[in-house]
1. What do you reckon, is A166 open to solvent by less than 40 Å² (accessible area, probe 1.4 Å) and farther than 14 Å from V220 by Cα?
2. Which of (1) surrounded by fewer than 17 Cβ atoms within 10 Å (Cβ to Cβ); (2) free of Cβ contacts under 8 Å to residues at least 24 places away in the same chain; (3) under 30 Å from S252 (Cβ atoms) does A210 not meet, given it meets every other one?
3. Output the number of the condition that M288 fails; it satisfies all remaining conditions of (1) open to solvent by 50 Å² or more (accessible area, probe 1.4 Å); (2) of a type outside the set (G, A, S); (3) touching a residue at least 60 places away in the same chain (Cβ under 8 Å).
4. Just need a number here: residues in segment 48-94 that are more than 13 Å from L12 (Cα to Cα) and not in a helix (DSSP H, G or I).
5. Among the residues of segment 416-450, write down those that are modelled with pLDDT of 85 or more, over 46 Å from the mean Cα position of the chain (by Cα) and open to solvent by less than 30 Å² (accessible area, probe 1.4 Å).
6. Quick test of your reading of the structure: G300 fulfils all but one of (1) under 30 Å from the mean Cα position of the chain (by Cα); (2) open to solvent by 70 Å² or more (accessible area, probe 1.4 Å). Name the failing condition by number.
7. List every residue pair whose Cβ atoms sit under 8 Å apart, with the two residues 6 or more apart in sequence or on different chains, where the first one lies in segment 453-477 and is touching a residue at least 60 places away in the same chain (Cβ under 8 Å) and part of a strand (DSSP E or B) and the second, anywhere, is open to solvent by 40 Å² or more (accessible area, probe 1.4 Å) and of a type in the set (D, E).
Amino acid sequence: MRSRGPVLDVCLAAAGVVLDLLVSGKSGQSGTAPWWIGGIFALLAGVPMGFVRRRPFAVCLHQAIFLVVCDRLGAHTSNTVQTLLPVAVAMLAYRGTWRWIVPAAVLTAVATAINLADPGIAFTSGTWYLPLGMSAVPVVIGRYLRSPIEPVSGVERRPGLDLLLAGGGVAFMVLDTWTEWNGGQLPVWAAGWFAIGCGLTAGLARSLPATAFTLQALLVLLADQNAGFAANSMQGLFLVTLGVFAMRAPWSWTAVAYLVASGVTALNIVEGELSQVTPPRVAALLAMVAAPIVIGRYVGVRRAAADLELAMAEEARQLIAERARADLLAERERIARDVHDIVAHHVAAMVLRAGAAQYAAPSGPVAEALSDIRSTGHQVLEDLRGLLNVLRDPELAHLPVAAPEEVVRDAVERMNAAGLKVELRLGPETELAPLVTRASAARIVQEGLTNVLKHAGPGTSAVVELGVAGDSLGVNVLSGAPPGPRDALPSSGQGIAGMRERARALGGDLSAGPDGAGGWRLAATLPLERADRVCAETPSRRRLPWWREESETS
């Protein structure tokens, strides 16, 4: 429990006090001693449990010493302390470190051995497992609960915790009743199996609390009539199950369970004449049964609040994600409109004017140039239309894929038509490279040839090389010296930076600079293994154009 408030601490202290009143009252604690002596012993045993969450080692030390004191005085409170001490050890194992857990476990084993060996019970080598179990089992349970577990919905379906609870119930029943198995009406073996069966019902408390509550109520009544040695211990498990039932059941069924538990507890505790039933004792019994219900309802409310908080946090996260996606789509729509208004309009006008001039121009180079401008403009408009559609709707399926090699050949042909002298050297093994790598290489070739045309001008010779070398795809764009002086065309200055980012996105590198002979060299290396991993990590979707697949993967 992560709550830091005092409510749970008060509930734990009250539960410890009530448990001792139940156990000691059934065992005849008062005897010749005044009633207030039993009350003081109950407070000394139960109140420290209110500090078990904050100071578990101190509580273990107190309960171990108090167990020895009660054993020396012959007080029946020793039975209660013997039950509460392992609880404190389990809490220490859950919250503390081994530096404190080991001494507490040793103290528990020693105190338990002293309690079992006296009075009159021979402590032989055959009973060594009892003190060891009283100290080791709580440590195992505490460390198990300390380990990370799934969310609440996943824990409900785990059988491991149910088995652990069943084992704890068996250990509790056996350790608390084994000294009396030969003193009742049942044979020793029957008494032992009855105690084991009672303990196993604890494994149903978490997954089937109503079934466990009903079964344990019957076992309490059966033990009260035929197996008195197990009645008090079974009553303790019964109240624990009542708390678990109250944690999950609605108030109507909780009220019914409270009435049933009060009746069962009264039949188990009240002995002798009815004249012994006094109003103070009735009030104490009703309060004793109400204690686990209060604890269970408190834990249930805290648990429901935690689940609600998690659900609200998840809903808020999803809402933020949806808002961010809506804002992103709105921004993409605005960018698409701006690009269309600025670029598409001018490109369309250029295409129309080139078409009109083509009919008026004489045949020859001028007509060929105008025809190339017109076809290039049409292609630009098609590509631009596809880009704008992707901006508006990222999930939109698009036109059939064009092979990156065809794009490279088309770029070379267009540059040759524009006046460059481009030679393409395309290795046959290039087609075996991943699509993402080939698409990036095609974009780099396009940008590289565009830079050659811009800065060197028509008449410049260039070589484009694409080939696989080892575990990477090499891209080289080599241009010779310009044939003469030329004014540079307008440029954004972001071409090389964009190509370098494209290469780095796949784990490669890119370099560009003069080749020492008046020309320019652009070289890129794109690893193939990294591209395979990127493709594998990309979620399956409808087939998209190669230029879109490459950009989204990068």
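1. yes
2. Single failed check for A210: (2).
3. Here M288 meets the rest and fails (1).
4. Counting residues in segment 48-94 that are more than 13 Å from L12 (Cα to Cα) and not in a helix (DSSP H, G or I) gives 4.
5. L420, V422, G427, G448, L449
6. Status for G300: all satisfied but (2).
7. V468/E429
To keep it simple, each residue is scored yes or no on (1) β-branched (V, I, T); (2) closer than 12 Å to G296 by Cα; (3) free of Cβ contacts under 8 Å to residues at least 40 places away in the same chain; (4) in contact with a strand residue (DSSP E or B) (Cβ under 6 Å, 6 or more places away or on another chain).
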position: T214; (1), (2), (3), (4): yes, no, yes, no
position: V220; (1), (2), (3), (4): yes, no, no, no
position: N232; (1), (2), (3), (4): no, no, no, no
position: L242; (1), (2), (3), (4): no, yes, no, no
position: V256; (1), (2), (3), (4): yes, no, yes, no
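The values are calculated or read from the model by the stated rules, or taken from the named source; none is laboratory data. This structure is a prediction, so every number in the text was calculated from the model and none was measured. All Cβ positions, even for glycine, are placed from backbone atoms using ideal geometry, and neighbour counts span all protein chains on display. Please note that ligands, DNA and RNA were not included when accessible areas were found on the heavy atoms of the full protein model with its side chains. Shrake-Rupley method; radii C 1.70, N 1.55, O 1.52, S 1.80 Å.
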